[in-house]
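Remarks on the structure that follows.
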Amino acid sequence: MQRHILSAFVLLALAGSARADDPLGALRSKAEDKVKGSANSAVVDKINAKLLDEGRKNQCSFKTDSDVLEPGCDEKAKRLANLLIDMKKQLAASNVKGYHFVVSGHTDSTGKADHNVELSKKRAAAMAKELAARGVPRDEIVPVGMGSQKMLVKPDDTPAKKAKNRRYEIQVQL
């Protein structure tokens, strides 16, 4: 009797989206979901690697202690926006849904941490605005300020090293 109750409980638990009389279907469905999840993860990882690489090649500079872009950013922002539009197509082709592009702003270590976080938020928002102006849907972009939390170069004790840490990065997030 206990075995039958346990078996019925297991069948109901496995049923999830499938019927209780089809436990193999339920297991198959869960396995397919897991495969889709790992496939989505692989697609996102590949896209994120490309976004980091292209983002570094197409960095727009900001005026010192400001969220105002330096002149000469138009072509770089256009290339990045086109890249995001292409990445959207790849995500759609891979049936990846529920994603957004995170634009993270970063600063060098100069100044107070709270000021740098605010400044990096403003810089991320400025870049998000540039991308939206070039065709990336605004509701698919999330600007985030990181301050100097994730520096590329440590210590940033020269002007060149500081410049490398003042940047933005774009990543897909599910």
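Tabulated data for the structure shown
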| item | result |
| --- | --- |
| In the range 33-66, residue modelled with the lowest pLDDT [restricted to those that are more than 29 Å from GLY111 (Cβ to Cβ) and over 18 Å from the mean Cα position of the chain (by Cα)] | VAL35 |
| Residues (farther than 14 Å from ILE85 by Cα, in contact with a helix residue (DSSP H, G or I) (Cβ under 8 Å, 6 or more places away or on another chain) and not in a loop (DSSP other than H, G, I, E, B)) located in the range 143-172 | PRO143, VAL144, GLY145, ARG167, TYR168, GLU169 |
| Checklist (1) of a type in the set (A, V, I, L, M); (2) modelled with pLDDT under 95; (3) surrounded by fewer than 17 Cβ atoms within 10 Å (Cβ to Cβ) applied to LEU69, failing item | (3) |
| Set VAL117, VAL136: member being out of contact with any helix residue (DSSP H, G or I) (no Cβ under 9 Å at 6 or more places or on another chain), under 25 Å from LEU84 (Cβ atoms) and not charged (D, E, K, R) | VAL117 |
| LYS89 more than 15 Å from the chain's Cα centre (by Cα), surrounded by 15 or more Cβ atoms within 10 Å (Cβ to Cβ) and not in a loop (DSSP other than H, G, I, E, B) | no |
| Number of positions in the range 97-133 that are buried (at least 16 other Cβ atoms within 10 Å of the Cβ), outside any helix (DSSP H, G or I) and basic (Lys, Arg) | 0 |
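The values are calculated or read from the model by the stated rules, or taken from the named source; none is laboratory data. Nothing here was measured: the structure is a model prediction, and the numbers come from that model. So basically every Cβ, Gly included, is an ideal-geometry build from the backbone, and we count neighbours across all protein chains shown.
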